[in-house]
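Undergrad: Quick one: the structure is below, and I'll ask about it shortly.
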Amino acid sequence: MSRPTLTLETATRIIDAGQSKARDLGLNAVFAILDAGANLVAFERMDGAWLASNDLALAKSRTSVMFEAPSEALNAPLQLGEPVPHFDHTNGGLLLMGGGVPITDEKGQLIGALGVSGGTPEQDAEIARAAAPHAD
């Protein structure tokens with residue numbers, strides 16, 4: 001059985017959609033897309049995007065692909081009766097704020113993750129959800 005893959009064509013479409021949404025919000029953003037194995041597939045920075053957003057976009061994407069969940073969901077308050085999430089901070093690469101979303105195929109299988117940085121965590125999450133198909 002072959003693993004679902006994230007193509008460069010799909011990654012380019014996601015980034016194009018994200019840039020369009022960022023422009024609608026009056027923002028310049030950075031986009032990082034990893035495949036399901038956390039390998040970098042695509043990275044793009046809009047002109048004028050804050051340089052530190054590069055690392056933030058990568059960290060959000062890494063967090064989302066590792067946990068197969070939106071990055072901000074991992075920072076949500078714990079609910080009674082729910083399991084406590086375990087976070088391994090030894091690599092220093094997790095970022096628990098909005099802007100990271102998993103990318104799934106039409107069957108709902110994880111194929112990668114998108115990380116967006118350039119605005120507030122809420123704006124980044126809005127851009128990521130608009131850009132990534134099947135993000136939730």
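Undergrad: For the stretch 120-135, check the following and say yes or no: at least one residue is at pLDDT 90 or above and within 15 Å of residue 35 (Cα to Cα).
TA: Yes: one or more hits.
Undergrad: From the set of residues in the stretch 94-109 that are within 21 Å of residue 36 (Cβ to Cβ) and open to solvent by less than 30 Å² (accessible area, probe 1.4 Å), which is modelled with the lowest pLDDT?
TA: 94
The values are calculated or read from the model by the stated rules, or taken from the named source; none is laboratory data. Because the structure is predicted, anything quoted here is derived from the model rather than measured. Neighbour counts are summed over all protein chains in view; Cβ atoms, including those assigned to glycine, are modelled from backbone coordinates with ideal geometry. The protein model used for the area step is the full one, side chains on, heavy atoms only, and it has no ligands, DNA or RNA in it. Shrake-Rupley method; radii C 1.70, N 1.55, O 1.52, S 1.80 Å.
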